[in-house]
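The values are calculated or read from the model by the stated rules, or taken from the named source; none is laboratory data. Quick caveat: nothing in here was measured; it's all calculated off a predicted structure. FYI the Cβ positions are ideal-geometry reconstructions off the backbone, even for glycines, and counts take in every protein chain you see. The accessibility values were calculated without ligands, DNA or RNA, using every heavy atom of the protein model including side chains. Shrake-Rupley method; radii C 1.70, N 1.55, O 1.52, S 1.80 Å.
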Amino acid sequence: MEGAQVWREQTGCTFDLLLDPQRKVYRSFGLGSSYAKVMKFGCLLLYSEYGAVDRDFPDVPPRLLEDIYQMGGDFLLDGEGKVLLSHPCESPMDRPTVKALLQAAGPPGCSADSAE
């Protein structure tokens, strides 16, 4: 709960959050941890560039860091809980495109070409 509150304060996010301390939902979406994916050279190089361009990492208190190798994902669900988009990340930087998000969220037949 404390980690979610810290994240909300830092990001300004106002969306509802699902807290999953036992990671049951997390695992049901096929997510897990990967030392090899998180510690890849390209990923570490990108992280090292943050300091060079004066970009800050999130300020997370060490007591809240449970699994730094935890892989993320992006999932979009409708009001009934139907999964509209499922994107388990292949690396910490892997995210769906804006076009993919808009296509998943938009009404059928709606074009997301303007999002390219």
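Some notes on this structure:
- Of the GluC sites (Glu not before Pro) found in region 40-113, those that fall in a DSSP loop while having at most 13 other beta-carbon atoms within 10 Å are Glu66, Glu80, Glu90.
- All-pairs alpha carbon distance profile, the chain, 5 Å steps from 0, percent: 2, 9, 14, 19, 22, 18, 11, 5, 1, 0
- Leu17-Leu45 FRET efficiency (beta carbon distance; Förster radius 35 Å; 0.05 resolution): 0.70
- Sparse-neighbour loop sites [trypsin sites (Lys or Arg not before Pro); region 1-70; at most 11 other C-beta within 10 Å; DSSP]: Arg55
- Taking amide H atoms as placed 1.01 Å from N in the peptide plane, the amide H of Met71 lies under 5 Å from those of Gly32, Ser33, Ser34, each 5 or more residues away in sequence or on another chain.
- Sum of -39500 (n - 2.57) over DSSP H runs of 4+, divided by residues of the chain (222 nm, nearest 500): -9000 deg cm²/dmol
- Solvent-accessible area of region 1-107 (1.4 angstrom probe, protein heavy atoms only): carbon and sulfur portion equals 57 percent.
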